[in-house]
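Below is one structure, written out as structure tokens, with a few remarks after it.
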Amino acid sequence: MAWPYFLDCDRFFASEQEGCHDPLAPLRARQEVAFSNLSPDEPSTIIQFTYHSNAQMYSVLKRTAAKCSHISRTYSIGRSTEGKDLLAIEFTDNPGGHELLEPEIKLVGNMHGNEVLGRQLLLYLAQYLCSEYLLGNQRIQTLVNTTRIHILASMNPDGYELAAAEVEDSNDPEQQPHHNQEGHELNGWTVGRTNAQNLDLNRNFPDLTSILYRNRRIKRFRTDHIPIPDSYWFGKVASETYAVMKWIRSVPFVQSASLHGGELVISYPFDFSRHLYEERMFSPTPDEQAFKQLARTYADSHASMADNNTERCGASFIRSGGIINGALWYSFPGGMSDFNYLHTNCLEITVELGCDKFPSEEELYPEWLRNKEALLSFMESVHRGIKGVVKDEEGYGIKGASISVRGIRKDVTTAEDGDYWRLMNSGTHIITASAKGYSKVSKRIYLPAHLEKAGRVDFLLKKVPVQPVRPDYHLFLSSSLDTYERFDPYNQFQSYGRSEPGEPREPREPGMGGEPGMGGEWQEKPWWWNYFTQAGVSAPTWLLRNI
């Protein structure tokens, strides 16, 4: 009987004679030869444009953070289904915490395990930011000193291992006669796309878009910070999805990019069509113009994405110049970008990097050159629109105050210390700040077309008596606003998991220790837990040890 690929050979003390086979061994061996030529003491300006196994990815991120410890650190947002760390790295002038009026941005790669180019580009980007900062690159120093950048190179490390093993087998002469000759360009359409539970992570988030469509005609219905319905927790929630949801609830992200593969285009929300039976229907958000500007920023800075003469992968984006509304391209529910927009302040775009989901190593450096300027320009674009602080009469910041823009039915809320960011295009706008128990304040502002940094708009709110809630309004409030803080109400992810013996845990993001009503810090269940739940049988809780 062949040894299952997903089991760790070392953990079970199985020898080769017993059938234990590591499909990634040849890939690791080849990469170790490349890495052996580098000394740990050498400057990190040298970027190896090769593929990285999960272990090598963690090593690169930690070594990068160690070299630039004054501007960088690594932390774990959770674990994958098979127990691999979802390791993020951050860059800022004061790593470890949020700074007043400093915008936060995230870049996520490898959501689909077989779409690996984004994973590699983000690893190169982390090394590039560190090395260029140390070398005195003024542009990079300004970016890092004024922005908090979070990079999650791999959201699906389990799927990546499957995809990498498939590519390795296709290149093995001994395996080729018995192997489906997919090659690099066709590999990845099936193998390794999902996580270890066979769940597509970009269909696994709560479908808040359908809730919006059903209730958008209700006068007081909020189109922002829509709570997660309790029914969502009755379905299969991937460990990776859960970790990312907690992450984006805990950090006041302003904008984000998710890096994918399979086409060459930028798509932006909504990804789910506003008509149930229309697979391709223009479905804009209230921030359509801001999203188009974000998409244009990346596409126009890319070497070929906005060029209408560029060879595409099947779809036609001639009229759009390399960007498209997601639902107009193809519709799907439960996407991460829609969830970001409707549940938080964050505006996220999806970057499709090209037709080849698993390009050959020779293509990694040219792809880096094509995307480097686009990545930098996208991160710099967070410094536009307006920002400010909402305070009370005593000078304290007001957490959770709403910032609304007339004509845009989507508010953002203030962070812990009362600061906010609002991505907006140029023009004249009416901005209103409001909070429960305080008066409303409105201001008229003008944003020039070529403003190099976000305009500063502060608000001072006065306390007023709280108005009683009308009976016809109470039901809506209790089922919407009050339930936003309800996260994992049925405790689907209890504190069962523990780190492997002797394996130190990365420090968690401040504020990620637990959500209201969760009763402590969430830890993932053991790596074997999902094999029982997927089979529809009760998992052996007696094997769990709560030390």
> Residue-wise, which Karplus ³J(HN,Hα) couplings in Hz belong to the stretch 444-450, taking 6.51 cos²θ - 1.76 cosθ + 1.60, θ = phi - 60°, and x for glycine or proline?
Replying inline: 9, 10, 10, 9, x, 5, 10
>> Run the simple label-point estimate for PHE282 and VAL441 please: 7 Å along Cα→C-beta, distance reported in nm.
In response: 3.9 nm
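Sorted by mean Cβ packing within 10 Å, highest first, what order do the peptides 424-431, 438-445 take? Present the calculation step by step, with values, prior to reporting the outcome.
On the way: 424-431: 15.4, 438-445: 13.9.
Ranked from most to least packed, the peptides come out as 424-431, 438-445.
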> With each label point set 7 Å from Cα along the Cα-Cβ vector, what nm distance links PHE49 and LEU369?
Replying inline: 0.7 nm
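May I ask you to give the percent of accessible area on the stretch 326-434 that is carbon plus sulfur, with a probe radius of 1.4 Å?
Working: 1630 of 3490 Å².
Carbon and sulfur together cover 47 percent of it.
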>> Using the basic label-point model (7 angstrom from Cα toward the beta carbon), what is the ASP93 to LYS463 distance in nanometres?
In response: 3.5 nm
> Heavy-atom accessible area per residue, the stretch 362-432, 1.4 Å probe: how many Å²?
Replying inline: 40 Å²
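Tell me, what is the per residue accessible area of the stretch 212-348 in Å², probe radius 1.4 Å? All intermediate terms of the calculation are to be shown ahead of the outcome.
Working: 5210 Å² over 137 residues.
About 38 Å² of surface per residue is accessible.
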> Highest mean first, what order results for 213-222, 288-297 on Cβ atoms within 10 Å?
Replying inline: 288-297, 213-222
> Residue by residue, what Karplus-based ³J(HN,Hα) values in Hz, rounded to whole numbers, does the stretch 148-164 have, using 6.51, -1.76 and 1.60 with θ = phi - 60° and x for Gly and Pro?
Replying inline: 10, 9, 10, 10, 10, 5, 9, 8, 9, x, 5, x, 4, 4, 5, 5, 5
> ³J(HN,Hα) across the stretch 334-348 via Karplus (A = 6.51, B = -1.76, C = 1.60, θ = phi - 60°), whole Hz, x for Gly/Pro?
Replying inline: x, x, 6, 5, 4, 5, 3, 5, 8, 9, 9, 7, 7, 9, 10
>> Going Cα to Cα from LYS399, which lysines come in below 16 Å? Please leave out same-chain ones fewer than 8 positions away.
In response: LYS387, LYS391, LYS436, LYS440, LYS462, LYS463
>> In 5 Å bins starting at zero, report the fraction of Cα pairs in the stretch 197-340 per bin as a rounded %.
In response: 2, 9, 17, 21, 20, 16, 10, 5, 1, 0
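The values are calculated or read from the model by the stated rules, or taken from the named source; none is laboratory data. Just so it is clear, the structure is predicted and the values come from calculations on it, not from any experiment. Quick reminder, even Gly has a Cβ in these numbers, built from the backbone with ideal geometry, and neighbours come from all protein chains shown. Ligands, DNA and RNA are excluded from the accessible area calculation, which covers all protein heavy atoms including side chains. Shrake-Rupley method; radii C 1.70, N 1.55, O 1.52, S 1.80 Å.
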